[in-house]
Amino acid sequence: MTEEIFNKLAEAVVSGNKDEAVELSNKALEEGVDPYEAIIEGLAKGMEIVSDNYEKGTAFVPHLLIASNAMYGGMDVLTPHMKTEGAAKPSNVVIGTVEGDVHDIGKNLVKTMMTAGGFNLIDLGHDVPLEKFIETAKENQADVISMSALMTTTMVGMEKVIEMLQEDGLRDSLIVMVGGAPISEEFAEAIGADKTAPDALHASHWVKDAVSELPPSEERWSDEKINLSKIKYREILSKKKVKSKTDIGLETARQIIDEFESVGVKTKEEMSHADRSLAAMADKKVDRLPVYPLACGVLRKFADASYKDYALDPAKFAESAFLGAKYLDLDMFVGLIDLSATSADFGCKIKYPEDDTPSSEGHLDDYEKLEVPDVKEGTRAYELIKASKLAKDKLNKELGTPFVGFHEGPLLTLTQLMGADRVLMDMKTNPDVVLEAVQKCTDYICQVSEVFFEEDACDALCIDNLWSNNVIMGEDDYWKFDGKFVYDQHLPIFKKYDQPYIIHNCADAVHFDTQIKKFGTALYSYAYYEKSKDKGSQNYADLIPKYGDTCCMMGEVNPIEFMDNSPEGIQKIENDTEELLKGVLETLKENGMQSKYVMSTGCEVPPGGPLTGVKAMVDKVKELGPQFQKEIIG
Ligand code: B1M
């Protein structure tokens with residue numbers, strides 16, 4: 001009987017049926033089943049099954065979220081009845097995504113799996129000030145700090161938290177676990193963390209074992225231990241180099257400007273930027289492949305502008321784009337500022353840090369209250385269009401460089417507005433409400449594109465249709481909640497203005513057939529994750545043969561490399577650029593093509609990094625491109 005209830009509880013979680021999980025949990029209590037066992041053998045088992053399916057690629061994030069909702073529903077019923085007397089206190093885990101980083105889907109999965117593993121989770125959310133981890137750990141005499149970071153620009157915050165723990169003598173009082181896509185074992189070790197794990201399931205399993213080996217809490221948190229630890233780490237901390245406070249973006253921008261002013265553009269090239277870019281999109285003869293590392297915000301350093309100015313002051317934006325394109329001799333510029341311009345106009349609160357990418361925060365409560373705004377003076381979209389027009393005119397006139405406008409697609413607008421986790425879950429529990437909201441977002445983004453074209457504010461327009469990501473949702477859901485809206489309503493706007501459809505998607509395993517073949521996309525900016533190749537991430541060698549006949553692909557040097565300004569780091573960018581250039585040309589040739597590819601990065605070059613890598617990549621293509629073009633293509 002007990003076994004049967006456990007199995008049913010697990011099934012309720014697997015099917016994401018919260019009502020059933022609650023009902024069965026009540027039944028378990030009525031029948032005298034131990035609530036702790038019902039959680040561990042029933043609810044948590046179900047969560048492990050779904051999580052395992054996710055890792056195998058047979059379940060997606062919305063499924064994980066409804067399963068987790070069902071698990072929490074059952075736990076709310078069972079937890080108050082757990083025997084506390086004599087039972088071991090659950091270990092406290094302080095969890096959050098570090099400061100500057102709003103990515104929280106992975107962190108929430110880790111939270112769910114650790115909760116399923118029997119831990120008490122204290123969730124600080126995302127964009128968590130680093131001191132908050134320490135304060136909360138102290139308040140709760142925590143056993144574990146679990147930090148997530150999804151960006152190279154924010155992962156450094158994890159090291160700072162560890163240093164603060166060392167300074168306060170707390171490092172040995174708890175376990176520090178770090179994780180997220182850019183976090184490697186080497187990185188975790190180098191910053192002094194105890195462990196990282198590739199996914200939520202492994203994280204939860206590891207931490208369970210590690211906590212069982214910890215000495216008792218009173219011992220770890222005793223004054224004596226803390227004082228000894230302070231002494232131990234004082235020496236280690238003093239040996240650490242005082243990190244330089246120089247603005248590496250500004251410094252490298254100045255070096256590049258000085259070099260440019262003394263030598264100018266080194267090589268006189270056969271084609272103009274615009275002619276080369278247009279020829280490549282049409283697979284016509286070129287002197288070399290176009291090159292444009294997706295350097296957007298980082299170029300503001302040439303204009304000595306803060307990110308806030310780059311985002312909000314059209315003149316500063318145009319100046320940044322112009323100077324960047326001039327000093328680096330870029331073949332195009334993509335006007336990516338952040339991903340929240342359209343959601344801001346629906347009333348989403350946006351945080352504009354002085355020198356970091358803006359992000360949406362304080363999501364809206366009610367889908368039904370969404371009202372489609374008009375693109376007009378004062379809206380953020382209109383400001384973006386105005387800024388784009390200024391930049392386009394200057395780039396075209398003074399440099400002959402094309403300007404590509406940029407804004408968000410429908411589902412991205414909605415997730416920025418309402419929060420990604422919520423929308424992804426509501427797709428399963430409240431699909432009609434989500435569909436109605438996506439419709440409103442579609443109405444708005446169609447207007448925004450139309451005004452871009454009407455105002456002649458770009459040479460072409462790129463849309464961030466981010467959620468076509470097999471790691472996050474399956475093909476059917478993508479089509480239902482985003483693709484169909486793009487296909488039925490957004491694409492016709494591009495047709496009306498005779499404009500090519502351009503997509504930027506920095507996700508891992510994209511539904512390319514839909515986003516390229518079905519949409520008839522002309523230029524596709526993609527990312528490639530070697531680590532996720534077995535999960536569907538594809539590189540040029542996969543993509544050109546499949547889509548090269550209709551679409552010009554644009555990727556894939558890893559943007560994270562651009563943070564490393566050391567001679568070895570620059571050498572790596574040069575080597576990767578050379579390898580990509582050669583490989584792409586050979587693949588084009590094998591497939592009867594000659595130029596349909598733009599040498600680029602899989603996503604935006606980190607806006608807080610140096611500019612040296614961007615220059616190295618462009619220069620390498622300029623140096624080797626013409627020769628390779630002749631040798632390989634003929
Ligand atoms: Co952004 N984004 N994003 N994004 N985004 C990335 C992270 C990026 C890698 C894309 C790319 O370059 N190809 C890139 C960072 C590049 C870099 O490192 N420099 C990037 C960028 C640049 C940005 C913006 C700056 C874009 C812009 O505005 N110009 C902006 C950042 C804003 C900010 O944070 N200040 C931005 C915004 C967004 C959205 C808001 C639109 C959205 C996030 C929505 C949300 O989370 N609420 C978003 C998304 C969805 C992504 C990608 C496509 C997917 C991330 C994700 O949710 N993956 C991402 C590309 C990618 O990673 N493939 C990208 C699924 C999730 C389940 O996986 O979080 O990795 P993940 O968690 C895994 C494991 O890592 C592990 O377990 C989980 C699975 O079980 N794990 C742990 C996680 N934490 C762990 C902790 C552990 C152990 C394991 O121990 C403690």
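Using only alpha carbon pairs under 8 Å that are at least six residues apart, calculate the relative contact order of the chain and give it in whole percent.
On the way: 1223 pairs, mean separation 76.0, N = 634.
Reported as a whole number, the value is 12 percent.
Before anything else, pin down the relative contact order of the stretch 1-97: Cα pairs under 8 Å, at least 6 apart, normalised by residue count, whole percent. Walk me through the numbers on the way to the answer.
Numbers: 122 pairs, mean separation 35.4, N = 97.
That works out to 36 percent.
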Response to the item:
Checked the stretch 36-163 against the a/c 1.5 cut and the a/b vs b/c comparison, axes a ≥ b ≥ c from its Cα gyration tensor; verdict oblate
Practice prompt. Take the alpha carbon atoms of the stretch 492-540, find their center, do the same for the stretch 570-634, and report the distance between the two centers in whole angstrom.
Written response: 19 Å
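Which entries in the list LYS284/LYS535; LYS83/LYS225; LYS546/LYS582 go over 22 Å, if you measure between the two C-alpha atoms of each? If you can, show how the numbers build up before the last one.
Numbers: LYS284/LYS535 34 Å; LYS83/LYS225 31 Å; LYS546/LYS582 19 Å.
Check vs 22 Å cut-off fails for LYS284/LYS535; LYS83/LYS225.
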Item to complete: State the answer as a single residue: which of MET617, GLY106, LEU78 lies farthest towards the positive end of the charge dipole of the chain, with beta carbon charges of +1 for Lys and Arg and -1 for Asp and Glu, about the Cα centre.
Response: MET617
Fill in: Which listed pairs, of LYS440/LYS531; LYS389/LYS495; LYS45/LYS428; LYS8/LYS107; LYS56/LYS349, have C-alpha distances above 31 Å, in listed order
LYS440/LYS531; LYS56/LYS349
Item to complete: May I ask you to list the aspartates and glutamates whose Cα is less than 12 Å away from that of LYS232, ignoring any residue fewer than eight positions away on the same chain?
Response: GLU167, ASP168, ASP172
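Would you calculate, for the chain, the mean residue ellipticity at 222 nm contributed by helices, counting each DSSP H stretch of 4 or more residues as -39,500 (n - 2.57) and dividing by all residues, to the nearest 500?
Working: 25 runs with 310 residues, N = 634.
Per the formula, -15500 deg cm²/dmol.
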Item to complete: In whole angstrom, note down how far apart the Cα centers of the stretch 328-383 and the stretch 98-114 are.
Response: 23 Å
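List the GluC sites (Glu not before Pro) within the stretch 74-178 that DSSP assigns to loop and that have no more than 10 neighbouring Cβ atoms inside 10 Å.
GLU85
Taking the mean number of other Cβ atoms within 10 Å as a proxy for protection, how do you rank 505-516, 146-157, 175-186 from highest to lowest? Provide the component values of the computation, followed by the final result.
On the way: 505-516: 21.6, 146-157: 24.0, 175-186: 19.4.
Order by mean packing, descending: 146-157, 505-516, 175-186.
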Worksheet item: Could you state the per residue volume, in Å³, of the convex hull enclosing the Cα atoms of the chain?
Response: 149 Å³
Worksheet item: How would you classify the stretch 432-489 from its alpha-carbon gyration tensor, with a ≥ b ≥ c the square roots of the eigenvalues: rounded for a/c under 1.5, else prolate if a/b is greater than b/c, otherwise oblate?
Response: oblate
Discussion item. When a/c reaches 1.5 or more, the comparison of a/b and b/c decides; with that in mind, is the stretch 293-375 rounded, prolate or oblate per its Cα gyration tensor?
Written reply: prolate
Worksheet, complete the sentence: Rh_Kirkwood(the stretch 1-82) over Cα pairs, Å, one decimal, evaluates to 12.0 Å
Worksheet item: How about the chain: what cysteines have no other cysteine beta carbon under 4.7 Å from their own?
Response: CYS296, CYS348, CYS441, CYS446, CYS458, CYS462, CYS551, CYS552
Item to complete: Subtracting the Cα-Cα distance from 0.36 nm times the residue separation, let me have the gained length for ASN565 to GLU578 in nm, one decimal.
Response: 2.9 nm
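Since every read-out is calculated from the coordinates, none of them should be taken as a lab result. Just so it is clear, the structure is predicted and the values come from calculations on it, not from any experiment. Cβ: placed from backbone, ideal geometry, glycine included. Neighbour counts: every protein chain shown.
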